[in-house]
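The values are calculated or read from the model by the stated rules, or taken from the named source; none is laboratory data. In this text, all values refer to a predicted model and were calculated from it rather than measured experimentally. Reconstructed Cβ throughout: ideal geometry from the backbone, glycine too, with neighbour counts over all protein chains shown. The area values use the complete protein model at the heavy-atom level, side chains included, leaving out ligands, DNA and RNA. Shrake-Rupley method; radii C 1.70, N 1.55, O 1.52, S 1.80 Å.
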Amino acid sequence: MIATSLIDIGINLAHDSFNADREEVIARALAAGVVQMIVTGSSGASNRQAIEMARTHPGVLFATTGVHPHYAKELTDELLEELRQLAPVQQVVAVGECGLDYFRDLSPRAVQQKAFHRQLELAAQVRKPVFLHQRDAHDDFVSILREHRSSLVGGVAHCFTGNHHELAAYQDMDLYVGITGWICDERRGAHLVPLMKEIEADRLLIETDGPYLLPRDLPSKPESRRNEPAYLPHIAATIARARGESPEHFAATSTAAARKLFALPELH
Ligand SMILES: [Zn+2]
């Protein structure tokens, strides 16, 4: 008997590391109480894969479609046109991931900024929320987002790893915040623990961001070091503890918040 229902709002299920056992990964997630998952699209190919997965797992898997800042230089007019075709598809619940990543700078910054603007415009046109990625680019990210905020229906700052001031800037724009297993890392995620009480319950979402960010304090870690949605309850329990809430209470509010932002159906 599963006491809680969780939603993984960010799982890179199109990643190669899931090719051999994708169905088993989904089955393990469901068995662990992760009832719905949003498959992150981050490139032309992964967008198409994410939609295909959502089509074959209706009501359970959903997709985002966008171009990650790493791949911003691949956002040609043709790919933008494809995004425009895909965004209204029923299985697509958000535009993204999109944003800025100055940590790795895999695309030139000016190119990243342009791709970000174009995807924010698209999200506004199709009236879908945005799935946002930001790393080491807070000031530019906030200033671009502010330009578009009033025309956007909503958005989530996925994989939030920032400080109090960054959080306050996102809250000022009424963004949802996505927390990953980063918070389970006592070396680099400890600063997130006290911030958990600062986030309103109806704005706090959870995600594994698998196959990345395997929670560091999992009781037994897979040899592959691959993260997957079945580990989401571990992350949720860590956040619930930081908020001084029961896991059941936190699961209920977080799941309701995810359903609201992404307009996900309830399961019966
Ligand atoms: Zn990301």
With every protein chain kept in place and a 1.4 Å probe, region 1-65 has an accessible area per residue in Å² of 38 Å²
Per-residue ellipticity at 222 nm for the chain, helices alone: DSSP H runs ≥ 4 residues times -39500 (n - 2.57), over residue total, nearest 500 deg cm²/dmol? -12000 deg cm²/dmol
Qualifying GluC sites (Glu not before Pro) for region 55-97 [loop in DSSP, other Cβ within 10 Å: at most 12]: none
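Considering only protein heavy atoms and a probe of 1.4 Å, how much of the accessible area of the chain is carbon and sulfur, as a whole percent?
Accessible surface attributable to carbon and sulfur in the chain totals 51 percent.
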Positive minus negative residues near VAL92 (Lys, Arg vs Asp, Glu; Cβ under 14 Å): +2
The size of the Cβ-based charge dipole (Lys, Arg +1; Asp, Glu -1) of region 59-172 about the Cα centre, to the nearest 20 debye, is 220 debye
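Taking K and R as +1 and D and E as -1, what net charge do the other residues with C-beta under 11 Å from the C-beta of HIS70 add up to?
Numbers: positive: LYS73, ARG104, ARG135; negative: GLU74, GLU97, ASP101, ASP105.
Net charge in that neighbourhood comes out at -1.
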Using the Cβ atoms and a cut-off under 10 Å, what net charge is assigned to the surroundings of LEU232, where Lys and Arg are +1 and Asp and Glu are -1? -3
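Calculate, in nm to one decimal, what GLN90 and MET173 gain on full extension: separation in residues at 0.36 nm each, minus their alpha carbon distance.
On the way: separation 83, 0.36 × 83 = 29.88 nm, distance 2.65 nm.
Residue separation times 0.36 nm, minus the Cα-Cα distance, leaves 27.2 nm.
Relative to 2.2 N^0.38 Å, what does the C-alpha radius of gyration of region 184-248 come to as a ratio? Two decimals please. Walk me through the intermediate numbers first.
Details: Rg = 12.0 Å, N = 65, 2.2 N^0.38 = 10.7 Å.
After normalising by residue count via 2.2 N^0.38 Å, the value is 1.12.
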Listed by chain and number, the lysines with an alpha carbon less than 17 angstrom from that of LYS260, same-chain partners under 8 positions apart left out, are LYS128
How much area per residue is accessible in region 144-219 when the probe is 1.4 Å and only protein heavy atoms are counted (Å²)? 41 Å²
Between region 112-191 and region 73-111, what is the separation of their alpha carbon centroids in Å? 14 Å
Roughly how far apart, in whole Å, are the Cα centres of region 203-268 and region 1-64? 13 Å
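Report the FRET efficiency, 1/(1 + (r/R0)^6), for VAL126 and SER224, where r is their Cβ-Cβ distance and R0 is 25 Å, rounded to 0.05.
Working: r = 37 Å, r/R0 = 1.47.
The value I calculate is 0.10.
Based on the Cβ-Cβ distance from LEU79 to ASP217, what FRET efficiency comes out when R0 is 30 Å, to the nearest 0.05? Numbers along the way, then the final one.
Numbers: r = 39 Å, r/R0 = 1.31.
Rounded to the nearest 0.05, the efficiency is 0.15.
Kirkwood Rh and Cα-based Rg: tell me the resulting Rg over Rh for region 1-132, rounded to two decimals.
On the way: Rg = 15.1 Å, Rh = 15.1 Å.
Computed over Cα atoms, the ratio is 1.00.
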Placing +1 on the Cβ of each Lys and Arg and -1 on the Cβ of each Asp and Glu in region 114-268, which of CYS184, ILE144, THR161 has its Cα farthest towards the positive end of the resulting dipole? ILE144
Select from region 170-201 those trypsin sites (Lys or Arg not before Pro) which occupy a DSSP coil region and have at most 13 other Cβ atoms within 10 Å, ordered by residue number. ARG187, ARG188
Send over the per residue convex hull volume for the chain, Cα only, as a whole number of Å³. 120 Å³
Can you compute the label reach from ALA263? Point 7 Å from Cα along the Cβ direction, backbone N cut-off under 14 Å, restricted to region 114-151. 123-130
What nm value, rounded to one decimal, do you get for the distance between ASP105 and HIS249 when each label is placed 7 Å out toward the C-beta? 4.6 nm
Express the relative contact order of the chain as a whole percentage, based on alpha carbon pairs under 8 Å and six or more residues apart in sequence. 21 percent
